[in-house]
Ligand SMILES: Nc1ncnc2c1ncn2[C@@H]1O[C@H](COP(=O)(O)OP(=O)(O)OP(=O)(O)O)[C@@H](O)[C@H]1O
Ligand SMILES: [Mg+2]
């Protein structure tokens, strides 16, 4: 296991180096630098621009800049943003990345959960009306023009019905005299979510280990979840943060819903195909011959053996969820890393763009490793290949 | 009364290329405690019969006529939940593809326990595990293998595990479809010997399915010979081997090295296997038969007792019995 991890880590480092270099030179190859936005400003004399360029080291050769840049990255210094000077790039990323991550991570988890469940049933009822509806729906979701769907959702839920905000991250008026910044409150929300999830996983593992059977223990995880959520609410209430927490969640709702909805299609079809492939296996026929209950065959035979491609796909999209979607974040004015990247690249803010690229790239690569490890852990035939 | 009785069973597969007549008007009976061997070359419909009995046929298979009586009930009339209780509890099976009949995601032990607990829900999982250990001892596998996954088993181990699995719920009938194909000759003899002694001890019935006449001679009390979906000969093993009545059976026996008087006499049956999409109207064997006449071409011979019959049990379907 350790050797395997070390090997993969080395691979990541090499890939990362290539990735950073490519990113750097592609951005360098783009015309102009951040001073060019001042070029049309008559009050900026060429001397002043040259001065600025000198100050940021932009007049030196590309190679000198590159080597200096590499050295900085290795020492963990992503530099200072040009456009939000003098804010450090890391500071900006630290603020934006969690927003993107929470949105896309939850959307992925929820959509895969629903997609897997629906896909399983769709395959089980293959050829029946329900299956046809689900498949047609999924294909429509996959082929639907995403921005249009997002606009329609905004129009219906926010404009027409007025249930949800015309998006953004928070309501600025509400937050004008908030005790904490939105970033801090958001941090607490993430903290609460992580603790709750960890608790749930722990409880499920304990239940499984104890081998507590069937009906009674089924209610324990939901109860734990309810209690955890209640205590989180109580805590936020006592610290007077509850309305701010709700404001953030309220703004999260629509993009989360749209993203989840649009992604159900692909995970549903993926699961359905995988389950149908497993249906042909001899061990499924043998399981039927043994008189096992349909639910057992569906879950422990079909779904369990079909999980491999679905988990791979999920882990990969979780890796991607750090880079977010420029489209989504633009449409919902969600100030995450995607929007930051877009603006930084267009505005010639190299340090920020490169920093954002690198961070998201690292997570993407980690996502690949996570996919490999997850599938290997789930399949006893592969488990040996990474060592126990 | 017979434990299992197939009456006039006809089975078709509706495939993209047409309709396959896999089993044609087959009647067969099996008493409790008896062992029956179904022999026939590849594609003669042996596995199809086994799957029909357990009602495991795919949706595009059609049983056009016939009845399958098991312990007095027609299995074809049962609902799916009723059938689930018959499966394994009363009729178990060792599958032809023993390699792939275990779920790769769980340990073999867990799968046997799962099967036992499905049919005996009141049993404690401890008792179930104890039973599985007994079964493993019975088929000569070490209990440590129970915690292993199927991919960690060798082919022979899997086959033994599948036999243990078939015995798990003490069924009245086991259908063993090529139970020893993955094994070498010595192992094959040992496993079959074990299975036979278990059968006699427990008074189970077993249907052995194989294309290997020599193997059948060792284990089966009665033998049914299949050709292209038709039961062409049926009888007590000794009678059938000593005096085969159907030309196809005679051909099969001549093709077995240990049974031909002299290896140089070893003969193959000439001709091509039947195209089951369009089987001959008369006797399905006539295109390959040296004794075929015009009658064979037009009329299918019924399965009737042979003339030189001792107990009236030896039957064959041929117009020109040997
Ligand atoms: N699932 C299926 N779909 C279509 N045709 C099938 C199917 N199963 C069997 N057949 C056809 O039915 C006929 C009988 O097949 P079956 O598997 O019963 O033969 P078998 O006697 O068991 O042969 P073998 O000794 O090779 O196992 C063959 O012609 C085969 O092509
Ligand atoms: Mg077969």
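The values are calculated or read from the model by the stated rules, or taken from the named source; none is laboratory data. These numbers come from a predicted model, not from an experiment. When we count neighbours, we look across all protein chains shown, and the Cβ atoms used for this are built from the backbone with ideal geometry, even at glycine.
Only one of these conditions is not met by residue B:94: (1) surrounded by 24 or more Cβ atoms within 10 Å (Cβ to Cβ); (2) over 29 Å from residue A:376 (Cα atoms); (3) out of contact with any strand residue (DSSP E or B) (no Cβ under 7 Å at 6 or more places or on another chain). Which number is it?
So residue B:94 meets the others, but not (3).
Output the residues belonging to the range A:149-170 that are in contact (Cβ under 8 Å) with a residue 40 or more places away in the chain and under 23 Å from the mean Cα position of the chain (by Cα). Step through it out loud before you land on a result.
As a first pass, look at the range A:149-170 and keep what is in contact (Cβ under 8 Å) with a residue 40 or more places away in the chain: A:149-151, A:153-154, A:157-158, A:164-165, A:167-170.
A:149, A:150, A:151, A:153, A:154, A:164, A:165, A:167, A:168, A:169, A:170, listed by residue number.
Taking the criterion of being within 16 Å of ligand 2 (Cβ to nearest atom), assigned to a loop (DSSP other than H, G, I, E, B) and away from every other protein chain (no Cβ under 14 Å), would at least one residue in the range B:204-220 satisfy it?
yes
Just one of the numbered conditions (1) buried (at least 18 other Cβ atoms within 10 Å of the Cβ); (2) within 30 Å of residue B:202 (Cα to Cα) is not true of residue B:27; which one?
The failed condition is (1).
What residue, of A:300, A:290, A:272, is within 14 Å of another protein chain (Cβ to nearest Cβ), surrounded by 23 or more Cβ atoms within 10 Å (Cβ to Cβ) and either under 14 Å from the mean Cα position of the chain (by Cα) or at pLDDT 90 or above (or both)?
Working: A:300 fails: surrounded by 23 or more Cβ atoms within 10 Å (Cβ to Cβ); A:272 fails: within 14 Å of another protein chain (Cβ to nearest Cβ).
Only one candidate passes the filter, namely A:290.
Filter the helices (runs of 4 or more DSSP H) completely within the range A:130-228 down to those with at least 2 residues that are away from chain B (no Cβ under 14 Å) and in contact with a helix residue (DSSP H, G or I) (Cβ under 8 Å, 6 or more places away or on another chain).
On the way: elements: A:146-153, A:172-175, A:182-210, A:214-217.
Here the list reads A:146-153, A:172-175, A:182-210.
Matching residues to (1) within 14 Å of chain A (Cβ to nearest Cβ); (2) within 14 Å of ligand 2 (Cβ to nearest atom); (3) at pLDDT 95 or above:
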site: B:5; (1), (2), (3): no, no, no
site: B:21; (1), (2), (3): no, no, no
site: B:24; (1), (2), (3): no, no, no
site: B:32; (1), (2), (3): no, no, no
site: B:39; (1), (2), (3): no, yes, no
site: B:47; (1), (2), (3): yes, yes, no
site: B:56; (1), (2), (3): yes, yes, no
site: B:59; (1), (2), (3): yes, no, no
site: B:75; (1), (2), (3): yes, no, no
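Please verify whether residue B:40 is assigned by TED's automatic domain parsing to the domain that holds residue B:116, under 30 Å from residue B:272 (Cβ atoms) and touching a helix residue (DSSP H, G or I) at 6+ places or on another chain (Cβ under 9 Å), treating the condition exactly as stated. I'd like the intermediate steps shown before the answer.
Numbers: assigned by TED's automatic domain parsing to the domain that holds residue B:116: yes; under 30 Å from residue B:272 (Cβ atoms): yes; touching a helix residue (DSSP H, G or I) at 6+ places or on another chain (Cβ under 9 Å): yes.
Yes.
For the range A:37-49, how many residues are in a helix (DSSP H, G or I) and either modelled with pLDDT of 70 or more or surrounded by fewer than 12 Cβ atoms within 10 Å (Cβ to Cβ) (or both)? Please lay out each step first, then the result.
Step one: list which residues in the range A:37-49 are in a helix (DSSP H, G or I), which gives A:37-38, A:46-49.
From what is left, the residues that are either modelled with pLDDT of 70 or more or surrounded by fewer than 12 Cβ atoms within 10 Å (Cβ to Cβ) (or both) are A:46-49.
Residues flagged as in a helix (DSSP H, G or I) and either modelled with pLDDT of 70 or more or surrounded by fewer than 12 Cβ atoms within 10 Å (Cβ to Cβ) (or both) within the range A:37-49 amount to 4.
Which residue out of B:136, B:153, B:149 is within 11 Å of residue B:99 (Cα to Cα) and modelled with pLDDT of 90 or more? Working first, answer last.
Values: B:136 fails: within 11 Å of residue B:99 (Cα to Cα); B:149 fails: within 11 Å of residue B:99 (Cα to Cα).
Step by step, each of B:136, B:153, B:149 is checked, and only B:153 is within 11 Å of residue B:99 (Cα to Cα) and modelled with pLDDT of 90 or more.
If you go through the range B:7-19 one residue at a time, how many are away from ligand 2 (no atom under 14 Å from the Cβ) and either touching a strand residue (DSSP E or B) at 6+ places or on another chain (Cβ under 6 Å) or within 14 Å of chain A (Cβ to nearest Cβ) (or both)?
Of the residues in the range B:7-19, the ones away from ligand 2 (no atom under 14 Å from the Cβ) are B:7-10, B:12, B:14-19.
From what's left, either touching a strand residue (DSSP E or B) at 6+ places or on another chain (Cβ under 6 Å) or within 14 Å of chain A (Cβ to nearest Cβ) (or both): B:7-10, B:12, B:19.
Residues meeting the conditions: 6.
Can you find a residue in the range A:305-313 that is within 14 Å of the chain's Cα centre (by Cα) and away from chain B (no Cβ under 14 Å)?
So far as the range A:305-313 goes, yes, one or more of its residues are within 14 Å of the chain's Cα centre (by Cα) and away from chain B (no Cβ under 14 Å).
Restricting to the range B:163-182, count the residues that are buried (at least 16 other Cβ atoms within 10 Å of the Cβ) and away from ligand 1 (no atom under 16 Å from the Cβ). Give the derivation first.
Of the range B:163-182, the ones buried (at least 16 other Cβ atoms within 10 Å of the Cβ) are B:163-169, B:171-182.
Keeping just the survivors that are away from ligand 1 (no atom under 16 Å from the Cβ) gives B:163-169, B:171-174.
Of the residues in the range B:163-182, 11 are buried (at least 16 other Cβ atoms within 10 Å of the Cβ) and away from ligand 1 (no atom under 16 Å from the Cβ).
Check B:2, B:32, B:22, B:50 and return the single one that is over 11 Å from the mean Cα position of the chain (by Cα), touching a residue at least 60 places away in the same chain (Cβ under 8 Å) and within 16 Å of ligand 1 (Cβ to nearest atom).
On the way: B:2 fails: within 16 Å of ligand 1 (Cβ to nearest atom); B:32 fails: within 16 Å of ligand 1 (Cβ to nearest atom); B:50 fails: over 11 Å from the mean Cα position of the chain (by Cα).
None of the others qualify; the one that does is B:22.
Only residues that are more than 30 Å from residue A:377 (Cα to Cα) and not in a helix (DSSP H, G or I): list them for the range A:311-339, please.
A:332, A:333, A:334, A:335, A:336 - these are the residues of the range A:311-339 that are more than 30 Å from residue A:377 (Cα to Cα) and not in a helix (DSSP H, G or I).
Might you let me know whether the range B:85-108 holds any residue that is in contact with a helix residue (DSSP H, G or I) (Cβ under 9 Å, 6 or more places away or on another chain), more than 9 Å from every other protein chain (Cβ to nearest Cβ) and without any contact (Cβ under 8 Å) to a residue 60 or more places away in the chain?
yes
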